[in-house]
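Structure first, commentary second.
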Amino acid sequence: MNAIAHRTLNIEAIRKDFPILATLVNGYPLVYLDNGATSQKPHLVIDSQSEYYRQQNANIHRGVHYLSQLATQKYDVAREKTQVFLNAASSHEVIFTAGCTASINLVAQSYGRQNLKPGDEILLSTMEHHSNIIPWQLVAQQTGAIVRQIPITDQGEIDLEAYGQLLSERTKIVGIVHVSNSLGTINPVQRMIAQAHQVGAVVLVDGAQAGPHTRIDVQALDADFYVLSCHKMYAPTGVGVLYGKEVLLRAMPPYQGGGDMIHTVSFDGSTYADLPYKFEAGTPNIAGVIGLGAAIDYLAGLGRGLLQAPDMSLGLALDAAFEGISNYESELTSYGMKRLSEIDGVRITGTAKEKAGILAFTMDCAHPHDIGTVFDHKGIAIRAGHHCCMPLMKRLGVPATARASIAFYNTVEEIDRLVDGVLMVKEMFG
Ligand code: 7TS
């Protein structure tokens, strides 16, 4: 196969931005295809961390001194960049958390606990990650609400007819993954949100796997809540985002109490800070949030490079970046799907029409863990297991799958090495 038309993304140059990609594993150049678990970080993000601790380190929102003001300013600017990243109406709607998991727990315990009554229903799809299941089961136990499952088809798409039938005036919350981490399916969230709104339910979209691959517009989606896992989108670990519509966030009680989230405190009763601080108790991950700002800048830089427009606004630059990223990644994914489907004894899991960046499969001759171990000997990093989607594995009738997850720094040659690895496993175990 000739090199895929790269549009104008310069993959060779991009790879140099990610120092870890030059690693040798067991004497082989690393093929990093575990981006669904976490992505690698560009120099810009890595350097932002060292720069922060060398030149800016101080606590935020509480010091009159130079460094505290500098750190606060950097932190606040990162929130504005995140607002543009999501196209949120206001930066007050962007809450920084410890991760996507933390964001979902916040919504379940604050919004869910306040609004759910016995008999109310929470609808979740079969393909949800455990972090979009367990928080809802916990709040269901606390409130008497019921969790119901939206089924999927054999191709790994939401069964939209069944979804329509499940929706009723009892439905109060719908939790739906935007892009599945195990199948790659891109769910029709805009349409599902509109349907949920017709019965008065609110919708939380789990964008953990969408953030790195697609341009997100929470206003166009009309999402009530949208969550991100920033370490999967080239930013440091330990940072997540919760977007919520202002009207909902304002009516929600605080989730955690502590410093920085209060207006006044007295033993007779306390009052809370305005958004977004009401939901950011204690010292946040300041360096990580600044790193998220750097990751967004990096992505915007790709967009500006693509259009050779160095002064382009952040929003337009992200539009361009994600157009280039989605096109390139979907070509890599289609190529991988085609090559894998040509091998006897390989079964691809997840063949949705709308699909992003995931090549998940099982082999007749070998367990996914054996596949992962053989790959590792050749320097190829994939994930083997249930991918924190046990209900999905049950639906697929497999205990686990082998999963290669793609980022824009991956290449055709790396997909070829993945396929060579599969052929080798077949030779060894077949
Ligand atoms: N939702 C989805 C769709 C995910 O893929 C993940 C992590 C999470 C939520 C949780 O994100 P966290 O950053 O809060 O842990 N998914 C994976 C994965 O596919 N392999 O490792 C982690």
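The values are calculated or read from the model by the stated rules, or taken from the named source; none is laboratory data. Please read these numbers as outputs of a predicted model, since none were measured by experiment. Cβ: placed from backbone, ideal geometry, glycine included. Neighbour counts: every protein chain shown. In case anyone asks, the SASA skips ligands and DNA or RNA and just uses the protein heavy atoms, side chains included. Shrake-Rupley method; radii C 1.70, N 1.55, O 1.52, S 1.80 Å.
Conditions (1) aliphatic (A, V, I, L, M); (2) open to solvent by less than 10 Å² (accessible area, probe 1.4 Å); (3) away from the ligand (no atom under 16 Å from the Cβ), marked per residue:
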residue	(1), (2), (3)
F96	no, no, no
I104	yes, yes, no
S110	no, yes, yes
Q114	no, no, yes
L123	yes, yes, yes
T126	no, yes, no
I134	yes, no, no
Y163	no, yes, yes
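Which of the following residues is buried (at least 17 other Cβ atoms within 10 Å of the Cβ) and more than 16 Å from the ligand (Cβ to nearest atom): V218, V265, V203, V227? Quick ask: steps written out before the conclusion?
Details: V265 fails: buried (at least 17 other Cβ atoms within 10 Å of the Cβ); V203 fails: more than 16 Å from the ligand (Cβ to nearest atom); V227 fails: more than 16 Å from the ligand (Cβ to nearest atom).
After ruling out the rest, the residue left standing is V218.
Checking Q209 against (1) more than 16 Å from the ligand (Cβ to nearest atom); (2) open to solvent by less than 20 Å² (accessible area, probe 1.4 Å); (3) outside any strand (DSSP E or B), only one condition comes out false. Which one?
(1)
What is the residue count in segment 269-320 for residues that are open to solvent by less than 60 Å² (accessible area, probe 1.4 Å), within 18 Å of the chain's Cα centre (by Cα) and farther than 27 Å from N57 by Cα?
Here the count works out to 1.
Taking only segment 373-396 into account, find how many residues are open to solvent by 10 Å² or more (accessible area, probe 1.4 Å) and either charged (D, E, K, R) or closer than 30 Å to G324 by Cα (or both).
The number of residues fulfilling the criteria is 9.
Could you list, in sequence order, the residues of segment 23-70 that are open to solvent by 60 Å² or more (accessible area, probe 1.4 Å) and under 25 Å from the mean Cα position of the chain (by Cα)?
Scanning segment 23-70 gives H43, L44, I46, D47.
Considering only residues that are touching a Leu at 6+ places or on another chain (Cβ under 7 Å) and within 16 Å of D17 (Cβ to Cβ), look in segment 303-318 and name the one that is modelled with the lowest pLDDT.
Going residue by residue through segment 303-318, those that are touching a Leu at 6+ places or on another chain (Cβ under 7 Å) are 303, 306, 318.
Next cut, within 16 Å of D17 (Cβ to Cβ) only: 303, 306.
Numbers: G303: 96, L306: 93.
That would be L306.
Going through segment 230-264 one residue at a time, which ones are part of a loop (DSSP other than H, G, I, E, B), on the phi < 0 side of the Ramachandran plot and charged (D, E, K, R)? Give the derivation first.
Going through segment 230-264, the residues part of a loop (DSSP other than H, G, I, E, B) turn out to be 234-239, 245, 252-261.
Within this subset, residues satisfying the condition of being on the phi < 0 side of the Ramachandran plot are 235-237, 239, 245, 252-257, 259, 261.
Result: K245, single match.
From I348, I358, I371, grab the single residue that is assigned by TED's automatic domain parsing to the domain that holds T8 and more than 18 Å from V179 (Cβ to Cβ). Reasoning before the result, please.
Details: I348 fails: more than 18 Å from V179 (Cβ to Cβ); I358 fails: more than 18 Å from V179 (Cβ to Cβ).
Result: I371 is the single residue among I348, I358, I371 that is assigned by TED's automatic domain parsing to the domain that holds T8 and more than 18 Å from V179 (Cβ to Cβ).
Can you pull out every residue in segment 336-346 that is buried (at least 16 other Cβ atoms within 10 Å of the Cβ) and within 22 Å of Y409 (Cβ to Cβ)?
Residues satisfying the conditions are G336, M337, R339, L340.
Keeping to segment 67-117, report how many residues are part of a helix (DSSP H, G or I) and aliphatic (A, V, I, L, M). Please lay out each step first, then the result.
We begin by selecting, within segment 67-117, every residue part of a helix (DSSP H, G or I); these are 67-86, 91-93, 100-115.
Right, trim to aliphatic (A, V, I, L, M) and you get 67, 70-71, 77-78, 84, 86, 102, 104, 106-108.
Count: 12.
What is the number of the single condition among (1) within 28 Å of D319 (Cα to Cα); (2) touching a Ser or Thr at 6+ places or on another chain (Cβ under 6 Å) that E128 does not meet?
Condition (2) is where E128 drops out.
Which residue out of T349, T333 is open to solvent by less than 10 Å² (accessible area, probe 1.4 Å), closer than 28 Å to V147 by Cα and hydroxyl-bearing (S, T, Y)? Show your work before the answer.
Working: T333 fails: closer than 28 Å to V147 by Cα.
Only one candidate qualifies: T349.
Starting from residues that are β-branched (V, I, T) and closer than 30 Å to V374 by Cα, keep the ones in segment 18-57 and report whichever is nearest to the ligand (Cβ to nearest atom). Talk me through it step by step, then tell me what you get.
Filtering segment 18-57 for residues β-branched (V, I, T) gives 20, 23, 25, 31, 38, 45-46.
When the remaining residues are screened for being closer than 30 Å to V374 by Cα, the result is 20, 23, 25, 31, 38.
Working: I20: 17, T23: 20, V25: 19, V31: 17, T38: 7 Å.
Only one residue tops the list, namely T38.
Can you name every residue in segment 385-409 that is under 19 Å from the mean Cα position of the chain (by Cα) and within 16 Å of the ligand (Cβ to nearest atom)? Talk me through it step by step, then tell me what you get.
Residues of segment 385-409 under 19 Å from the mean Cα position of the chain (by Cα): 385-390, 392, 403-409.
Correct list: G385, H386, H387, C388, C389, M390, L392, R403, A404, S405, I406, A407.
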